[in-house]
Amino acid sequence: MKKSDLVKLYQSHKLYLFPVTVALSSIFLIAFIIYPQTIKLIENQKASGDLISKSKLLETKVAALERFNEEDLSQKTQVALVSLPLEKDLGEIIGLLQQIGAQSGFSVASISVSVNNAGSPSGGNTDNTAKTADLNDYKILLSVQGPKVLLQSLLKNLESSPRLIKINNIDIASNSKSSEIIEVSLSLSVLYAPLPENLVKADSPLPDLTQNDEELISNLEMAEATVSSSNQLSPKGKANPFE
Amino acid sequence: MKVFINLLPPEIVASELKKAKFYKVQFIAIGVILFMIFISSLTLALRVLQSHNNSLYKTKIAQAEQKISDMGKTQNSLLVLKDRLGMISQHYKIQSQQSKMYELLDTLVPSSVTVNAISIDKKGTVNLTVLTSDPAVLDQMIDNLTNKEKNQQAISQTGVDGVSRSASGLYRVSFTIKQKQDK
């Protein structure tokens, strides 16, 4: 095409050339830059909000954790695990029941763990382990002999012991030799509870220890302290339940 | 009276009008393209700012998660402690029905009555066997068990299962006492 033809073409259409170029450029900018970026901006706004919330939550969590003394917390946890261990603690409970019986003025005649129908020692979930909400328990039959006047003391000591024990049945028979001496057979449920599976949640807020929690821990510590040193209670199970 | 006379030839007038129209269209087109460039730049700038902020928050989150991980033992202890305390508080020092029933019977059974056997089951139902030689004391005991004021409204039903009297005048009485269930 000759230069003169180009000039003629330009002269005849010069009014529309630049606007058409602008229009095409605008369409290009809208289609490839403005529209996609605006959509991404809107989509990412929600994600940004979530990031901000998560950041604030985690910072609050960090601040809350930094307030706690690790050793003190660990000690309190041990106290709680003595009271309600993660698994059965047959060895510990037998010593404790003997201790409570002696403290209450009773002599322990026998302590037996209830067996299943097959007659084999209880174990796993096939024994008469029952579930109360999140709690499990195992049955113990405690037979003691002692003064009738001290029975209420025995029952109170059992129910306020540092280890969670519930009384199911009470059978009392007078001793043939003396009406003041009784033979007591107590069916007990000793509670324990494994940890829930979803205990640790990364994004959930951290619980705090309330005044009631501190009082309960203090009561448990005092109750454990009254148990004689000859029967040192220790929590049953792994030192670190999360390993 | 003013008279307006345009001495310009019509071709020049048309040409001037065409020129004016041309400049007007060019001006609008330049305005539009500048506006488009401005909007594009603004959008890109906002996206860059958003990405930058997201990166900052992600960094903060990573740092916080690292700190929480370093304090994992403290967190685990706290969670285990709260879990335990929640359950312990529901059961610690809670007097059982059986224990309450025995405590009540201890006050209702006169001291001169000999308790031969007591059995308190899971529901708090009591099977009681007593011995006494004095029928008046026996009457008093039955009154204690059945009187709502004396039994603290804790007993819903008292039944006598059996009465026997030995040759020596010793009464042997068996009771079934049902505890009032809390609704």
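The values are calculated or read from the model by the stated rules, or taken from the named source; none is laboratory data. Given the structure is predicted, the values throughout are model-derived calculations rather than measurements. Positions of Cβ are backbone-derived with ideal geometry, glycine not excepted, and every protein chain shown enters the neighbour counts. Quick note on the areas: whole protein, heavy atoms, side chains included, nothing else; ligands and nucleic acids left out. Shrake-Rupley method; radii C 1.70, N 1.55, O 1.52, S 1.80 Å.
The base-10 log of I(q)/I(0) for the protein assembly as shown, evaluated at q = 0.11 Å⁻¹, reads -0.96 [Debye formula, identical scatterers on Cα atoms, solvent excluded].
For the pair A:Glu43 and B:Lys100, a Förster radius of 60 Å applied to the C-beta separation gives a FRET efficiency near 0.40, rounded to the nearest 0.05.
Taking the 1.4 Å solvent-accessible surface of chain B as the whole, the part contributed by carbon and sulfur is 58%. The label point for B:Gln153 and the one for A:Arg67, both projected 7 Å from the Cα toward the Cβ, are 4.4 nm apart. Projecting the Cα positions of B:Leu44, B:Ile142, B:Thr129 onto the charge dipole of chain B (unit charges on Cβ atoms of Lys, Arg, Asp and Glu, taken about the Cα centre) puts B:Leu44 furthest along the positive direction.
When +1 charges are put on Lys and Arg Cβ atoms and -1 charges on Asp and Glu Cβ atoms, the dipole computed for the range B:43-104 relative to its Cα centre reaches about 140 debye.
Between chains B and A, what is the buried accessible area summed over both chains (1.4 Å probe, protein heavy atoms, nearest 100 Å²)? Between B and A, the summed buried area is about 6700 Å². Given a 1.4 Å probe and the protein chains as shown, A:Tyr192 ends up with an accessible area of around 20 Å². Considering only B:Gln95, B:Ala64, B:Leu78, whose Cα is most displaced toward the positive end of the charge dipole of the range B:59-101, charges sitting on Cβ of Lys, Arg (+1) and Asp, Glu (-1)? Toward the positive end, the furthest listed residue is B:Gln95. Rounded to the nearest 20, the Cβ-based charge dipole of the range B:88-141 about its Cα centre (Lys and Arg +1, Asp and Glu -1) stands at 360 debye. For the range B:46-70, accessible area lost to neighbouring protein chains reaches 10 Å² or more, against the chain alone with a 1.4 Å probe, at B:Leu46, B:Arg47, B:Gln50, B:Asn54, B:Tyr57, B:Lys58, B:Lys60, B:Ile61, B:Ala64, B:Glu65, B:Lys67, B:Ile68. Ranking B:Arg47, B:Arg165, B:Arg84 from most to least accessible surface, computed with a 1.4 Å probe over the protein chains only, gives B:Arg165, B:Arg47, B:Arg84.
If you place +1 on the Cβ of every Lys and Arg and -1 on the Cβ of every Asp and Glu, how big does the dipole about the Cα centre of the protein assembly as shown come out, in debye to the nearest 20? Spell out each step's value before the answer.
On the way: 45 positive and 41 negative charges, 651 e Å.
That gives a dipole near 3120 debye.
If you plug the beta carbon distance of A:Asp208 and A:Ala23 into 1/(1 + (r/R0)^6) with R0 = 51 Å, you get a FRET efficiency near 0.20.
Structural size metrics of chain B, computed from C-alpha coordinates, are Rg and Dmax of 49.9, 158 Å. Taking a ≥ b ≥ c as the square roots of the eigenvalues of the Cα gyration tensor, the range B:1-60 is prolate, since a/c reaches 1.5 or more and a/b is larger than b/c. A straight Cα-to-Cα reach below 12 Å connects A:Lys54 with the aspartates and glutamates A:Asp203, B:Glu65, residues fewer than 8 places away in its own chain not being considered.
Measuring from label point to label point, each 7 Å out along Cα→Cβ, what is the B:Ser168 to B:Ala45 span in nm? That separation, rounded to one decimal, is 11.0 nm. For the residue pairs B:Lys150/B:Lys180; A:Lys166/B:Lys180; A:Lys166/B:Lys82; A:Lys156/B:Lys180; B:Lys2/B:Lys24; A:Lys139/B:Lys150, alpha carbon separations beyond 24 Å are given by B:Lys2/B:Lys24; A:Lys139/B:Lys150.
Kindly provide the helix-only [θ] at 222 nm of the protein assembly as shown, computed as the sum of -39,500 (n - 2.57) over DSSP H runs of four or more divided by all residues, to the nearest 500 deg cm²/dmol?
On the way: 10 runs with 218 residues, N = 426.
Using -39500 (n - 2.57) per qualifying helix, the result is -18000 deg cm²/dmol.
In the complete set of protein chains, residue-level accessible area for A:Glu43 is approximately 120 Å², probe 1.4 angstrom. Taking the 1.4 Å solvent-accessible surface of the range A:1-76 as the whole, the part contributed by carbon and sulfur is 64%.
Just reorder B:Asp83, A:Asp171 by solvent-accessible area, largest first, 1.4 Å probe, all chains present. Each step should come with its number before you reach the end.
Values: B:Asp83 30, A:Asp171 65 Å².
Heavy-atom accessible area, descending, gives A:Asp171, B:Asp83.
Could you give the accessible area per residue of the protein assembly as shown, probe 1.4 Å, as a whole number in Å²?
59 Å²
Look at the dipole of the protein assembly as shown built from charges on Cβ: of A:Leu73, A:Ile42, A:Ile170, the Cα furthest out on the positive end belongs to A:Ile42.
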